[in-house]
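Engineer: Sharing a structure with you now.
Just so it is clear, none of the values below were taken in a lab; they were calculated from the coordinates. Everything quoted here is computed from the prediction, not taken from an experiment. As a convention, Cβ positions derive from the backbone with ideal geometry for all residues, glycine included, and neighbour counts pool all protein chains shown.
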Amino acid sequence: MYSTSAAGVPYVLEPPSSGRADAPLVIAWHLMDAPRTERAFAAALPLAGLDVWRLYPGLPLCGERSPGQEEVMRLGYEEPVLNLHGRINEEAVAELPGLLDEVRAAQGIGDGPVAVVGGSAGAGVAGGVVVGKVVEARAAVLISPLVQLRPLVDVLAREFGVDYRWTPESEAVADRMDLVWRSHEFGATAVRCIVGGDDDLDAVLYPAGRLRDMRREQGVRADLRVVNDMGHALADEPGVEPAPQTDAARQVDAMTVEFLAQELASELA
């Protein structure tokens, strides 16, 4: 595991077993739940057996860039959309081009095809870089995905007893992060959503199903896989340091590898 930073972004990079510079590149963003750092996510989702470059960027306000859990919670209570979810998503999408340029130059990564992977908030980032045309992705695997912000905010408001009032500014962020509404902007990118059977229906399972249905209506390959007895997280708490894979994470890893291997088959042969 090669762990360092570039363009101000901490990341983990795993090279392809073949050593090919032009092997496909998979970019994978972690969750805000466990595993909540790039190092922990690389251990939970190693993409075992897939001969690709694996780049795991750290999210803003997480890991070594976290201002501390108390401050993150304060930001979320104060304004969860503008201070937290919208900010993390926007900054992570915006910093990817600089990160990619530096990592490619430093590590000798060629111009092979790209796929994206993300968990929860990281799935929102993965979708955001595709619909925003930051990268041209052959495939996207979205795990426990945040594909619509409004139902998540509603669920969190009920959970914490908060009466969240939407404003024009926060509505604009929710529109930008609504990957169901923007599904046509995925272009030709194939999409697989992987959800836990025990995850929240309104915030995760239903939106993931709607994204799958929209992509299918648009004539693009899309599917949905359910991991029984899995909630939202992919690792045990605290989820900061690399840890042994859980059984659920092992299943998610296999489903991710299967989909990416099919979509990248011509470059992996």
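Engineer: Going by how many other beta carbons lie within 10 Å of each one, how would you line up Cys193, Cys62, fewest first?
Structural biologist: Taking fewest neighbouring Cβ atoms as first place, the list is Cys62, Cys193.
Engineer: Next up: Over all directions, how big on average is the projection of the convex hull of the alpha-carbon atoms in the stretch 138-269, in square nanometres?
Structural biologist: Spelled out: convex hull of the Cα atoms, projected over all directions, averaged, 9.8 nm².
Engineer: How many nm is it between the label spots at Ser66 and Arg87, if each spot is 7 Å from the Cα in line with the beta carbon?
Structural biologist: Result for the modelled spin labels: 1.5 nm.
Engineer: Relative to the Cα centre, what is the charge dipole magnitude of the stretch 2-268, using +1 at the beta carbon of each Lys and Arg, -1 at the beta carbon of each Asp and Glu, and rounding to the nearest 20 debye?
Structural biologist: 600 debye
Engineer: Within the chain, which whole H helices from DSSP have a Cα span along their axis of at least 27 Å and a mean Kyte-Doolittle hydropathy of 0.0 or more, if any?
Structural biologist: The answer is none, since no helix passes both cut-offs.
Engineer: While we're looking at this one, here's another question. What is the Rg over Rh value, at two decimals, for the chain, using alpha-carbon atoms and the Kirkwood definition of Rh?
Structural biologist: Result: Rg/Rh = 0.94.
Engineer: Suppose R0 equals 22 Å; then what is the FRET efficiency for Asp213 and Ala188 from their Cβ-Cβ distance, rounded to the nearest 0.05?
Structural biologist: FRET efficiency, Asp213 to Ala188: 0.80.
Engineer: May I pose another question? Could you sort the peptides 126-134, 218-226 by per-residue average Cβ neighbour count (10 Å cutoff), highest mean leading?
Structural biologist: By packing density, highest mean first, the sequence is 126-134, 218-226.
Engineer: With the convex hull built on the Cα atoms of the stretch 115-155, state its orientation-averaged projected area in nm².
Structural biologist: For the stretch 115-155, averaging the hull's shadow over all directions gives 2.7 nm².
Engineer: Take the stretch 77-213, drop everything but the C-alpha atoms, weight them equally and run the Debye formula without solvent; then report log10 I(q)/I(0) at 0.15, 0.20 Å⁻¹ to two decimals.
Structural biologist: Listed by q, the Debye log ratios stand at -0.73, -1.18.
Engineer: For a quick check: sort Leu50, Leu45 by the number of other beta carbons within 10 angstrom, fewest at the front.
Structural biologist: Leu50, Leu45
Engineer: Of Ala137, Ala106, Ala94, which is the most mobile in a GNM of the chain whose springs link Cα atoms less than 10 angstrom apart?
Structural biologist: Its mean-square fluctuation being the largest, the pick is Ala106.
Engineer: On to the next question. What are the extents of the Cα atoms of the stretch 1-76 along their three principal axes, in Å, largest first?
Structural biologist: The Cα atoms of the stretch 1-76 stretch 46, 24, 16 Å along their principal axes.
Engineer: If you build the convex hull over the alpha carbons only and average its shadow over all orientations, what do you get for the stretch 85-125? Give it in nm² to one decimal.
Structural biologist: Averaged projected area of the stretch 85-125's Cα convex hull equals 3.2 nm².
Engineer: Of all DSSP beta bridges located in the stretch 2-268, what percent are antiparallel, nearest 5?
Structural biologist: Of those bridges, close to 25 percent are antiparallel.
Engineer: Before rounding to the nearest 500, sum -39500 (n - 2.57) across all DSSP H runs of length at least 4 in the chain and divide by the residue total; then give [θ] at 222 nm in deg cm²/dmol.
Structural biologist: Dividing the helical sum by the residues of the chain leaves -12000 deg cm²/dmol.
Engineer: Further question on the same structure: Plugging the Kirkwood radius over Cα pairs into Stokes-Einstein for the stretch 201-269, at a temperature of 4 °C and a viscosity of 1.567 mPa s, what D comes out in µm²/s?
Structural biologist: Using the Kirkwood radius from Cα pairs, D works out to 91 µm²/s.
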